[in-house]
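The values are calculated or read from the model by the stated rules, or taken from the named source; none is laboratory data. What you see is a predicted model; the values in this text were computed from it and never measured. For neighbour counting, all protein chains shown are included, and Cβ atoms are generated from backbone atoms with ideal geometry for every residue, glycine included. Side chains included, ligands, DNA and RNA excluded: accessible areas come from the protein's heavy atoms. Shrake-Rupley method; radii C 1.70, N 1.55, O 1.52, S 1.80 Å.
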Amino acid sequence: MTIPPDTELGAYLLQRKVDPDLASLVESIAASATVVADHLKEAAFQNHIGSAGTTNIQGEDQKLLDVLADRVFRETCGDATSLAAYVSEEAEEVTWLKAPAAGDLILYVDPLDGSSNLEVNLSVGSIFAVSQVQADGDTNVLRKGRDYLCAGYAIYGPSTLFVITFGLGVVGFTLDPSDGQFKLTNAQMRVPPETNEFAVNSSRQRFWDEPIRRYVDECLAGSAGPRGQDFNMRWTASMVADVHRILTRGGVFLYPADESNRRAGGKLRLMYEANPMAFLIEAAGGAASTGTEDILRIQPQAHHQRVSVLLGSSNEIERLVQLHQIHPSQEKIGS
Ligand code: AHM
Ligand code: MG
C-alpha cells in the first residue's frame, strides 16, 4: 500500500488499519514527543538545563529534562485507555495504571536518551516500544523484543522526527512547525546490507574483547587491510542520532559489553534502548546481536537489565558474529 507523502500520523495509522487502541497510544507517544520538543526549545529560558540533583535506579545523574520528559510521557500516555503499564528507564518500579487484562498494552520508554548532549545542544531522542499483556491479571512486563507490537523513537535535532515500525518496514514523520502535525516524510527507511561506516566509543578500546578489537582494527586498516576498503567513523554519544543515521544511510553501531562494564551486562538497557532499536533495525533489513545472541530473542530477567549491543548493516553484524565465534569471550556477553 502506498501512502502519499505528507500524510499525517493519525491518517497513516488509519490507512494502515493499526488496531485503534494501539493507534491511540502511538498518537499519545507522538504527542508526548511534541511536548518534549517544546520543553527542549525553551529549556535555557526555564533554567531546565543541568542536573536534577538526583540519580535514577541505574545510579546515573538525572538531568532536569530527564525527569521532565518522564513526567510528560507518563501523564500524556497515561490517558490512553488501553495502557496498563508504564515502564521507564527513569523509574525504579513499573507504574500500573489499571488491573491488567489480556490485550492491554505495556509501554517501555527511555524518555530522553543521550541527555549528556543537552548542555552542548546536540541531538537527543526519546525511545519507545509497546507490547501486550498476555492474560488477565498477568503482571509480567519482561517480554522479548520479538514480541513487540511496535517500536520507535523521536529525534530532537534540526527538525523533530517520529520514526516507527510495526514490524515490517520503518517510516519517519517530520513535525511540521506550522501546524504541530507529524507528516510522513520518510516512507521507506532501509538499512543497506553493506556499509563502510562504523560507530563506537573508541576511548573504551583498552576494555574491549578480542572480537571487537579485531573488527575495529580491520576497519581502521582500510583499503590496505583485510577488508580492502576504507571506513569512516562517527560517534555522537546519542544512540538515537547514531541509529537515525544508520536508518538513513547504513552503518554499524557498537556498544559492546567489555571488561569494565561486563559485571553490569553492558552499558545500554535491554528494554528501553537495545530492544526497540534492534526491532527497528531488523524491520529495516538490518541485524542486531550481542555478538553471541540475537538481541530480540533474549528473555529479559529484569526491566533495567543491560546488554551488549551491535546493530546495523547485516553484512557487518555477520562479520562481528563470526569474530565472536572465532574468539569466544571468556564470559557470556549480555546475560
Ligand atoms: P543515557 O540513557 O544515560 O543517555 O545513556 C545512553 C547513551 C546512548 O544514547 C549513547 O549511545 C551512549 O549512552 C553514549 O555513551 P558514552 O558516553 O559512553 O559514549
Ligand atoms: Mg538512555
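Out of the GluC sites (Glu not before Pro) in segment 1-95, which ones are loop residues according to DSSP with at most 10 other C-beta atoms within 10 Å? Walk me through the numbers before you get to the answer.
Values: sites: E8, E27, E42, E60, E75, E89, E90, E92, E93; in loops: E60, E89, E90, E92, E93.
Those satisfying the criteria are E92, E93.
Restricting segment 44-89 to chymotrypsin sites (Phe, Trp or Tyr not before Pro) that sit in a DSSP loop and have at most 12 other Cβ atoms within 10 Å of their own Cβ leaves F45. Neighbours of L9 by Cβ distance under 14 Å: Lys/Arg scored +1, Asp/Glu scored -1, total -3.
Here r is the Cβ-Cβ distance between N186 and D19 and R0 is 30 Å; the resulting FRET efficiency, rounded to 0.05, is 0.85.
Among DSSP beta bridges whose residues both lie in the chain, state the antiparallel percentage, nearest 5.
Working: 47 of 57 bridges.
Close to 80 percent.
With a simple spin-label model that places each label point 7 Å from the Cα along the Cα-to-Cβ direction, the separation between S178 and Q322 comes to 5.0 nm.
Under the combined filter of DSSP loop state and at most 16 neighbouring Cβ atoms within 10 Å, segment 260-335 retains these GluC sites (Glu not before Pro): E331.
Highest mobility in the GNM of the chain, judged by mean-square fluctuation with C-alpha springs under 10 Å and restricted to A129, A241, A11, is found for A11. Under the simplified labelling scheme, the L122-E194 pair shows an inter-label distance of 3.0 nm, with each label point 7 Å from Cα along Cα→Cβ.
So between E42 and D6, what do we pick up on full extension, going 0.36 nm a residue minus the alpha carbon distance?
Fully extending the segment from E42 to D6 adds 10.3 nm.
Only lysines eight or more places from K267 in sequence, or on another chain, were considered; those with a Cα closer than 27 Å are K63, K144, K332. Along segment 87-98 the Karplus relation, 6.51 cos²θ - 1.76 cosθ + 1.60 evaluated at θ = phi - 60°, assigns HN-Hα couplings of 10, 10, 4, 8, 10, 5, 10, 5, 9, 8, 9, 6 Hz to successive residues, with x for each Gly and Pro.
Would you work out the charge dipole size for the chain about its Cα centre, treating the Cβ of every Lys and Arg as +1 and the Cβ of every Asp and Glu as -1, and quote it to the nearest 20 debye?
700 debye
Could you state the orientation-averaged shadow area of the convex hull built on the Cα atoms of segment 264-335, in nm² to one decimal? Present the calculation step by step, with values, prior to reporting the outcome.
Details: hull surface 17.8 nm².
In nm², the orientation-averaged hull projection of segment 264-335 is 4.4.
When both segment 240-285 and segment 177-207 are represented by their alpha-carbon centers, they are found 11 Å apart.
In the chain, which longest range has no trypsin sites (Lys or Arg not before Pro) that are both DSSP loop (not H, G, I, E or B) and surrounded by at most 12 other Cβ atoms within 10 Å? Please report the intermediate quantities before stating the final value.
Values: sites that count: K17, K98.
Looking at the chain, 99-335 is the longest stretch - no exposed trypsin sites (Lys or Arg not before Pro) with at most 12 other Cβ atoms within 10 Å.
Which FRET efficiency value, to the nearest 0.05, is calculated for L220 and D136 with the Förster distance at 56 angstrom and r the Cβ-Cβ distance? Working from the Cβ atoms, E equals 0.55. Rolling a 1.4 Å probe over the protein heavy atoms leaves F207 with an accessible area of roughly 50 Å².
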